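Okay, so here's the structure we're looking at.
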Amino acid sequence: MKQKVILLVLALLLLFLSACQKTGPDDAQPADDQPSPSSRLQPQDLVYLGAFRLPAGSNGCDWSWSGEALAYFPGGDPAGPDDGCPGSLFGTGHNWLQWVSEISIPAPRLSSGKQLSELPTAVTLQPFVDIRAGLFDWPLEIPRAGLACLPAQAGQESGKLYFAWAEHMGEGRTDPSHGWAGLDLDRPETAGLWRVGDHWNYVSGDYLLEIPAAWADAHVAGRRLGSGRFRDGGQGAEGPSLLALAPWQAGNPPAPGSTLSARTLLLYGNAYDPAPRALNGYHHSDEWSGAAWLQTATKTALVFAGTKGRGRCWYGFANGVVWPDQAPFPPIPPPPNDERGWWSDSFEAEFLFYDPVDLAEVAAGRQESSWPQPYAELRVDDRLFGAYSGHQKQRLGAAAWDATRRLLYVIEPLVDDEKSIIHVWQARE
């Protein structure tokens with residue numbers, strides 16, 4: 001009898017331990033075909049290579065006050081030097097016009113003293129052109145823009161330069177904002193505009209990126225174009241967003257005014273929610289201006305580049321004066337604190353690292369789009385050339401990724417006589 005009791009107790013103990021090891025509905029595990037957490041690209045895997053300058057302007061536009069959009073084209077500059085940086089970059093120029101130009105990519109150079117004169121300068125391959133073809137009612141109010149180059153997709157004979165434009169304001173608007181153009185800027189053959197599902201313009205089109213083909217085929221039915229945006233104040237989402245698109249699946253090209261099917265991969269709650277789920281450490285003053293899906297043979301990460309607020313956060317002026325919701329309103333301080341907006345005690349240039357395994361969980365419906373959080377961050381102020389005060393925002397602009405050479409290009413605006421420069425990191429295997 002005593003032996004039976006012991007065996008029964010042992011059996012119950014084993015059942016209890018087995019139950020403790022099971023995962024609940026909030027602990028969904030990655031699919032077997034996904035990279036394990038050990039394949040996450042870590043901040044120390046990004047090696048800083050240096051920077052380069054941008055060329056003079058062309059066609060009445062230049063690179064001053066630029067940095068809103070950037071795209072890597074692997075087939076660009078075929079006659080360029082064999083310096084380890086083949087291909088080219090498409091980018092938008094001065095923010096009043098945001099015309100598009102193509103430039104070469106010189107081998108970046110380190111400058112220990114942050115001397116611009118020590119950096120190489122890119123060469124203009126295609127001068128600035130307005131590729132919008134009258135599709136937008138220009139000028140837009142504080143325009144946000146995105147660019148991405150993708151190879152020819154199903155039904156296409158050539159690669160395309162995908163673009164998006166939308167206004168900083170426009171609460172609740174779902175205006176058509178996306179389109180594509182050919183890579184020959186003299187004959188861009190612009191097509192569009194298309195809406196992105198039923199999403200507000202506040203969460204798409206400020207950065208575009210290429211989603212790796214294998215991941216897109218496995219999880220989002222071949223949607224290889226990523227689109228997202230962060231708007232300060234949390235009116236779109238309290239953190240960066242990412243939506244997966246495939247315009248070519250709706251036509252070649254889709255009809256003007258079409259609504260593209262969008263798969264949400266990352267979308268936090270917004271300021272209108274009573275209890276929004278937000279990015280950890282979120283500030284209304286944050287700025288996430290660039291994004292790239294990094295992937296090597298063994299490691300991967302979705303990386304957002306931007307300017308992160310630290311300490312207290314308030315709406316008002318940089319000197320700490322808070323703007324009240326109702327009168328009486330305080331006097332506007334003199335420069336440099338006269339810009340009203342969202343502020344924090346200090347700001348830092350930063351990269352956020354997200355695990356594509358988490359995005360796959362969202363795509364499969366096993367997790368909410370507000371569930372993923374960054375697993376790492378990289379602060380990069382020490383690499384920048386600007387002499388930033390604690391309250392200076394807009395430290396980084398757009399980003400682009402060369403998947404073959406594993407090179408990450410990130411814009412730093414307003415540091416070269418109001419022109420941008422481009423910094424380069426390489427991801428280690």
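Here are some notes:
To keep it simple, each residue is scored yes or no on (1) more than 21 Å from the chain's Cα centre (by Cα); (2) touching a residue at least 40 places away in the same chain (Cβ under 8 Å); (3) assigned to a strand (DSSP E or B); (4) exposed (fewer than 14 other Cβ atoms within 10 Å of the Cβ).
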{"position": "72", "(1), (2), (3), (4)": "no, yes, yes, no"}
{"position": "78", "(1), (2), (3), (4)": "yes, no, no, yes"}
{"position": "125", "(1), (2), (3), (4)": "yes, yes, yes, no"}
{"position": "128", "(1), (2), (3), (4)": "yes, yes, yes, no"}
{"position": "132", "(1), (2), (3), (4)": "yes, yes, no, no"}
{"position": "147", "(1), (2), (3), (4)": "no, yes, yes, no"}
{"position": "154", "(1), (2), (3), (4)": "yes, yes, no, yes"}
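- Subset tally (residues that are touching a Gly at 6+ places or on another chain (Cβ under 7 Å) and in a loop (DSSP other than H, G, I, E, B)) for the stretch 58-67: 4
- Of all residues in the stretch 173-206, those satisfying the criterion of being at positive phi and either in contact (Cβ under 8 Å) with a residue 60 or more places away in the chain or in contact with a Leu (Cβ under 8 Å, 6 or more places away or on another chain) (or both) are 192, 197, 205.
Yes/no matrix, rows are residues, columns are (1) among the acidic types (Asp, Glu); (2) more than 27 Å from residue 424 (Cβ to Cβ):
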| position | (1), (2) |
| --- | --- |
| 259 | no, yes |
| 262 | no, yes |
| 268 | no, yes |
| 275 | no, yes |
| 278 | no, yes |
| 283 | no, yes |
| 287 | yes, no |
| 294 | no, no |
| 301 | no, no |
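- Pair list, Cβ under 7 Å, 6 or more apart: the stretch 244-271 residue assigned to a loop (DSSP other than H, G, I, E, B), other residue aromatic (Phe, Trp, Tyr): 253/180; 254/194; 258/194
- Pairs with Cβ under 7 Å, 6+ apart, first in the stretch 388-404 and within 10 Å of residue 348 (Cα to Cα), second aliphatic (A, V, I, L, M) and crowded, with 24+ Cβ neighbours inside 10 Å: 395/349; 396/305; 396/349; 396/410; 396/411
- Test: residue in the stretch 156-172 that is in contact (Cβ under 8 Å) with a residue 12 or more places away in the chain, of a type in the set (D, E, K, R), out of contact with any Cys (no Cβ under 8 Å at 6 or more places or on another chain) and surrounded by fewer than 20 Cβ atoms within 10 Å (Cβ to Cβ): yes
- Residue match in the stretch 329-343 (condition: assigned to a strand (DSSP E or B), touching a Gly at 6+ places or on another chain (Cβ under 7 Å), at pLDDT 95 or above and not basic (Lys, Arg)): yes
The values are calculated or read from the model by the stated rules, or taken from the named source; none is laboratory data. Being a predicted model, the structure only gives us computed values, none of them experimental. No Cβ is skipped: glycine too gets one built from the backbone with ideal geometry, and neighbour counts run over all protein chains shown.
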